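Everything below concerns the one structure shown next.
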Amino acid sequence: MTEPLIGLSSAEEDDVEEVRPAATFDSTGRLAVSWLWDSGDRQVLLLTAPDDGETGDGSTLLAATLAELSPEMPERSRLHAQASARGLNPRVLTWILAAQLDLCADSPADLARQLAADPRPVTLLVAELDASGPGQLGWETRPIVDELLRPLLKVPGLRLVVQTSHSGLFGTDADVLAVPAYPGIDPDPHARLAVLGTTTVQDALMGGWLVDLCANPHIAAEANPTTLAVAATTVLNHLPGAVQTQIETFGQGLITTEPPSSYLLHHAAAVATADEELQKALEPHIAHLPMRAAWARWRPEPGLVTPDWPGAVSHLAPSADDPHTFLMTDRSGRTHVLDLTAGTELGRIPGPRTQSDTPSTAQPKTTAQGPWYASASPNGNLTVRRDGFQGDVLNVNLGWKPTALLLTDDGTLIVGGRHGLLCFRPTGSN
């Protein structure tokens, strides 16, 4: 039995400027919340079992309780991003954490680079580390530590809370406060922490047919996006190029965008990669939506440049000569003339780039044309509204950073990024 759950004393509350949350904790919980509150020297708080490797301890409940308390704390003491590693691998866990930090991250290393350049103090919680990987068997525990958590420990000011049964997880690489949590109330397995059901993924992995599962458009259209992302990133190099691109480029957006918008984004990924079977499989899910992807000029496979790919997008502008065309400047400064209807390249403006060739280098985060309004943010959020329309016409997280927007008076929206161009149109205009 644990000690009776008690709150923080009034004397302890008097020691701080803000009023601490009226939490209920035993002595272990009090130590954990003090670490969060005081921003001390130790970089890692390890929520562990009383005996190394023991299961059935109270650390999952303690992690869930800290997550529940976090919003009541001052900004400097909060958990700024939190995730259960249950069923996940390093890449998908990175996407989940990055989205909560308003970042788009291609990989664990990319997340560490962006946080190193970010002045904000950040505290992250990774729970259920021992249940990582397909089948929740802990197969991805070591890769998550080595590929994601250790690089994050090198970021100045970043702190980690990790829930695991292994107290020696980081060795001597970090200053760790290990808090053994004894069994108390059985934690709710659905707990305020996301639990990923991966029975199908586990069966597929064991049976050796995971590649076929991920490449099947009908399964991909119906699958839970997070489950699909874990499965696909597990066998990524063995998947068709189109599926690789869909997951690598749009993966963070797919797992952070709610249905039915997630179907719309998945359809956009299929349009970007010319995956007609997946587009057909997704059609029943998006037929009623007011906007959808119409065309793309995208790098369709990793490392492959095709004649249709205009390059990474720096700027977009309407054409002064022809309302059916628009101008795109790539990152090398070349200006392309493209058709608005299908995105076909019609030519290039000769000579060196001049002020008259392209718009200003300061691309707007919001743009308006006629009754239409569009906005995009660096974290990948894309929103389209129209006068007289209740709610958003389009609201997705792309999973990548838009670099330029172009909106026409009929609601056609062209979004540019380092991967190319993606065009959305109101339904009935395609």
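Descriptive notes on the structure:
- Residue under evaluation A117, criteria (1) modelled with pLDDT of 85 or more; (2) within 19 Å of A67 (Cβ to Cβ); (3) not hydroxyl-bearing (S, T, Y), criterion not met: (2)
- Sole residue being assigned to a loop (DSSP other than H, G, I, E, B), over 30 Å from V393 (Cα atoms) and at pLDDT 70 or above, chosen from P259, P189, P156: P156
- Criterion violated by L69 - all others in (1) within 15 Å of E147 (Cα to Cα); (2) at pLDDT below 95; (3) in a helix (DSSP H, G or I) satisfied: (1)
- Residue in the stretch 389-411 that is in a strand (DSSP E or B) and of a type in the set (K, R) present: no
- Among the residues listed as D102, D106, the single one being on the phi < 0 side of the Ramachandran plot and acidic (D, E): D106
- Some residue of the stretch 122-130 being crowded, with 17+ Cβ neighbours inside 10 Å, farther than 25 Å from T234 by Cα and not polar (S, T, N, Q): yes
- Out of T412, T403, sole residue that is closer than 14 Å to A293 by Cα, hydroxyl-bearing (S, T, Y), in contact (Cβ under 8 Å) with a residue 60 or more places away in the chain and assigned by TED's automatic domain parsing to the domain that holds A368: T412
- Odd one out for R120 among (1) in a helix (DSSP H, G or I); (2) out of contact with any Ser or Thr (no Cβ under 7 Å at 6 or more places or on another chain): (1)
- Tally, over the stretch 192-222, of residues that are modelled with pLDDT of 75 or more and touching a Cys at 6+ places or on another chain (Cβ under 9 Å): 1
- Among residues of the stretch 72-86, those that are among the hydrophobic types (A, V, I, L, M, F, W, C), in a loop (DSSP other than H, G, I, E, B) and closer than 16 Å to T233 by Cβ, counted: 1
Conditions tested, residue by residue: (1) surrounded by fewer than 23 Cβ atoms within 10 Å (Cβ to Cβ); (2) assigned to a helix (DSSP H, G or I); (3) not assigned by TED's automatic domain parsing to the domain that holds S377.
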site	(1), (2), (3)
L88	no, no, yes
V92	no, yes, yes
D102	yes, no, yes
D110	yes, yes, yes
P151	yes, yes, yes
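- Leading residue by the ranking (modelled with the lowest pLDDT) among those in the stretch 159-179 that are of a type in the set (A, V, I, L, M, F, W, C) and under 27 Å from the mean Cα position of the chain (by Cα): A174
- Pairing each residue of the stretch 70-88 that is over 26 Å from W139 (Cβ atoms) with any residue that is of a type in the set (K, R) and not in a helix (DSSP H, G or I), provided the two are 6+ apart or on different chains, yields C-beta distances under 8 Å for S70/R78; P71/R78; M73/R20; H80/R120.
The values are calculated or read from the model by the stated rules, or taken from the named source; none is laboratory data. Since the structure is predicted, the reported quantities are computational estimates derived from the model, not experimental observations. Here Cβ is always computed from backbone atoms with ideal geometry, including for glycine, and neighbour counts include all displayed protein chains.
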